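**Student:** This is the structure I want to talk about, given as structure tokens.
The values are calculated or read from the model by the stated rules, or taken from the named source; none is laboratory data. None of the values given here were measured: they were computed from a predicted structure. Counting neighbours? That spans all protein chains shown, and the Cβs are built from the backbone with ideal geometry, glycine included.
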Amino acid sequence: MKFYFAPMEGVTKYLYREAFNIYFGNIDKYFTPFISPDKNTCLNKKELNDILPEHNQGMYVVPQILTNDADDFIMTSCELKKYGYNEVNLNLGCPSGTVVSKKRGSGFLKETKVLDEFLDRIFSGLDMKISVKTRIGKDSPDEFDGLIEIYNKYPMEELIVHPRIQKDFYRNTPNLKAFADAVKKSKNPLCYNGDIFTAEDFNRIRGMFPEIDMYMLGRGLIANPGLINFIKSGDIPDNQTVKQFHDKVLDGYKKLMFDEKNIMFKMKEFSLYLVHIFSNNEAYIRRIKKSKTLAEYKAAMNSLFIEQEIVPGAGFIPPA
Ligand SMILES: Cc1cc2nc3c(=O)[nH]c(=O)nc-3n(C[C@H](O)[C@H](O)[C@H](O)COP(=O)(O)O)c2cc1C
């Protein structure tokens, strides 16, 4: 069984990945949040920092690229190769309006002819492993059949399927019927992604698709960094480990950023997931959200770590 860490813009950059790997690990591949090349630059400064080998020691990292331009994909992949990468991932899932309006991410899924030509160019133009992370359509799951037919023409390292359409964003439940169709029809190795927040979720999906042995987790891991270990061995992390992990990310941001408010905003992006696994978390969520200074934020988190316990089996709870 292979477990992959989903790319999450704003959360899973290198500081986070590095700390995660020290305290939790158990990840076969970490996918970077998307790199968005343009005609002038393959990698901007932040994107370069995220993929530098010295920031990604001891981990298998797959850089993700978001584009609909084959030349930009190829150029960026060649640049990544210079830094030692031999595998890249194409983002065909991003649902954000600004991305979709440019026919990128899940916005590219509707342009089947152009997408086919794009895939033809990148698969014939690169001698690197290429995986694809896709939704099941832009406007309707009915698009997925045609997409699988296109994907089947190319030798993908793996096809990671998040079985939602663009219009779902992260609402509604993953369309497991569409994923079952993919299991039947895909010639590429499949990886399942979507709403695995607890070991119970994992066991349910695993039970439905026993032939699938690659799983990508995002929000479930941000909320419960010990989830994979729990799935594998039933062990839950202790508060001290989770605190050390949190503090390591915080120390990293302190070295990188000078404005304490910005550090606090950055930390809130992931700790508001992390609180989900603690007992009696409502008051702490309010306190963290209300914090206006880094000191207030740290005090709220420290109280959480001292006063509450990690609830066995708890996981991310999506907003209603
Ligand atoms: C805040 C946020 C940022 C994300 N950034 C990316 C990204 O950069 N690239 C990508 O392919 N998917 C991105 N995703 C989607 C996740 O990788 C994943 O597909 C999605 O969260 C569903 O998996 P999960 O239910 O395990 O979280 C993002 C999702 C969220 C919530």
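**Student:** Checking the conditions here, which among THR112, THR98, THR76 is crowded, with 21+ Cβ neighbours inside 10 Å and either at positive phi or among the hydroxyl-bearing types (Ser, Thr, Tyr) (or both)?
**Tutor:** Going through THR112, THR98, THR76 in turn, just one is crowded, with 21+ Cβ neighbours inside 10 Å and either at positive phi or among the hydroxyl-bearing types (Ser, Thr, Tyr) (or both): THR76.
**Student:** Filter region 241-265 down to residues that are without any contact (Cβ under 8 Å) to a residue 12 or more places away in the chain and either among the hydrophobic types (A, V, I, L, M, F, W, C) or assigned by TED's automatic domain parsing to the domain that holds ASP195 (or both), then give me how many there are.
**Tutor:** Number satisfying all stated conditions: 3.
**Student:** Just the residues that are hydroxyl-bearing (Ser, Thr, Tyr) and within 23 Å of the chain's Cα centre (by Cα), please, taken from region 266-320.
**Tutor:** Scanning region 266-320 gives SER271, TYR273.
**Student:** Okay, next question. One residue is enough: does region 250-269 have a residue meeting the conditions in contact with a Leu (Cβ under 7 Å, 6 or more places away or on another chain), small (Gly, Ala, Ser) and surrounded by 13 or more Cβ atoms within 10 Å (Cβ to Cβ)?
**Tutor:** yes
**Student:** Still on this structure: Residues that are closer than 30 Å to GLU211 by Cα and at pLDDT 95 or above, at least 1 per element: which helices (runs of 4 or more DSSP H) completely within region 1-104 meet that?
**Tutor:** Where helices (runs of 4 or more DSSP H) fall fully within region 1-104 and carry at least 1 residues being closer than 30 Å to GLU211 by Cα and at pLDDT 95 or above, they are 14-23.
**Student:** Within 16 Å of the ligand (Cβ to nearest atom), more than 17 Å from the chain's Cα centre (by Cα) and in the same structural domain as TYR170 (by TED's automatic domain parsing): is that true of ASN40 in this structure?
**Tutor:** no
**Student:** In contact (Cβ under 8 Å) with a residue 24 or more places away in the chain and within 21 Å of the chain's Cα centre (by Cα), is that true of SER140?
**Tutor:** no
**Student:** So which residues in region 191-226 are near the ligand (Cβ under 10 Å from one of its atoms), outside any loop (DSSP other than H, G, I, E, B) and in contact (Cβ under 8 Å) with a residue 60 or more places away in the chain, if there are any at all?
**Tutor:** Matches in region 191-226: ASN193, ASP201, TYR215, MET216, LEU217, ARG219, GLY220, LEU221, ILE222, ALA223.
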